[in-house]
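> Below is one structure. I have some questions about it.
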Amino acid sequence: MEMKQTNNPRSKRGRRIVIWTLSILVIITIAASVLLDSLTYKPLDEAKAVFQSDTKVVVEHLKDGYRFEPVGGEMTQPDIIFYPGGLVEPESYAPFAKRMAEKGHRVYIASMPLNLAFFGQNKADSFISEHQDRRYVIGGHSLGGVFATRYAAEHADVIDGVYFMASYADDGGKLNGLNMSALQITGTQDGVLDRTEWEAARKNLPNDTTYVDIAGGNHGQFGSYGFQKGDNEASLTPAEQLIEVTEAMDLWIQGLDSFQR
């Protein structure tokens, strides 16, 4: 007896639903990626120009970011770990890293998933594992500073200090009571930093905190990625602001000897 094959309407409908659902998810994913890319701040030509090795500094791409290392001679303690601001590509901070490396420090810049430190709080682990006998400070710009602080609060045994560039320690990264030093750098023309939250968060900082307010500095010029939406125009050039930032770092680092482990 010959059996006739019949198509199950429910099965066909189910396959169509699955195909349409997957198609919609792909479209949403692509659209989200395009939107995120359009919102991401990319490095200026000035940053790209120094994002390369030369006779003074070797720049190397790592699994979790980048390493800037001075050529020859004994490296100055501590090593510096940097977390980028939200939606800012890590290469945008090459001028800062290069300048600190020229002063003798090994500097790491973390690459964050989707360029958001929220998803990469523990990136510092891989950097510290390279040289576990070294001293480290960690910090970052804006959102990056917040999550760098959370990392420091959970790893106070290996972190000597935390530095902030237009950022603060939120309640998830309390440093008060810890044997740690902090450096708070802000700009008087910063239109992005929420000063109310910044002021309220001072309670989370250690007793040994240095405050530096750069006259004429704004939010975006802590990196090299152009003008940020909501910011104010700076009265300093990017180069001038960079000099003030790195000089503040120098002075702060010189006072870290009492935290040597």
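> Mind jotting down the three principal axis lengths of the chain based on Cα atoms? Whole angstrom, largest first.
94, 43, 42
> Using only the alpha-carbon atoms, how far is helix 9-39 inclined from the longest principal axis of the chain? Give it as 0 to 90 degrees, nearest 10.
Once rounded, one gets 20 degrees.
> Give me the extension gain from His155 to Glu74: residue separation times 0.36 nm, minus the current Cα-Cα distance, reported in nm with one decimal.
Numbers: separation 81, 0.36 × 81 = 29.16 nm, distance 2.60 nm.
Extending this stretch completely gives an extra 26.6 nm.
> Phe119 versus Ile243, label points 7 Å from Cα toward the beta carbon: distance in nm?
3.9 nm
> Any chance you could run the full-extension gain for Asn179 through Arg16? It's 0.36 nm times the residue separation minus the Cα-Cα distance, nm to one decimal. List each step's numbers first, then the result.
Working: separation 163, 0.36 × 163 = 58.68 nm, distance 6.12 nm.
Going from the current span to full extension adds 52.6 nm.
> Here is a further query. Would you be so kind as to identify which of Ala94, Thr237, Gln121 lies farthest towards the positive end of the dipole of the chain, taking Lys and Arg as +1 and Asp and Glu as -1 on Cβ and the Cα centre as origin?
Result: Gln121, furthest along the dipole toward the positive end.
> Right, something else. Do any GluC sites (Glu not before Pro) in the range 160-237 lie in a DSSP loop with no more than 12 other beta carbon atoms within 10 Å, and if so, which? Don't skip to the answer; put the middle values down first.
Numbers: sites: Glu197, Glu199, Glu233; in loops: Glu233.
Answer by residue number: Glu233.
> For the chain, what does the helix formula give at 222 nm: sum of -39500 (n - 2.57) over DSSP H segments with n ≥ 4, over the residue count, nearest 500 deg cm²/dmol?
Values: 7 runs with 88 residues, N = 261.
-10500 deg cm²/dmol, from helical runs alone.
> Oh, and also: Sticking with the crude label model, points 7 Å out along Cα→Cβ, report the distance from Lys56 to Lys229 in nm, one decimal please.
About 3.6 nm, to one decimal.
> List the residues, sorted by chain then number, that are 5 or more residues from Ile214 or on another chain and whose placed amide H is less than 5 Å from its amide H.
Residues meeting the criterion, in which the H sits 1.01 Å from N, are Thr186, Gly187, Thr188.
> Another question, then. Whole-Hz Karplus ³J(HN,Hα) for the range 135-145, in order, using 6.51 cos²θ - 1.76 cosθ + 1.60 and θ = phi - 60°, x for Gly and Pro?
8, 9, 10, 9, x, x, 9, 6, 4, x, x
> Can you give me the long-range amide H partners of Val58? Hydrogens built in the peptide plane at 1.01 Å from N, cutoff under 5 Å, separation of 5 or more residues or another chain.
Glu69, Val71
Only the coordinates and a few stated rules stand behind these numbers; no lab work does. Remember, predicted model here, so these are calculated numbers, not experimental data. Positions of Cβ are generated from backbone atoms using ideal geometry, with glycine treated the same way; all protein chains shown enter the neighbour counts.
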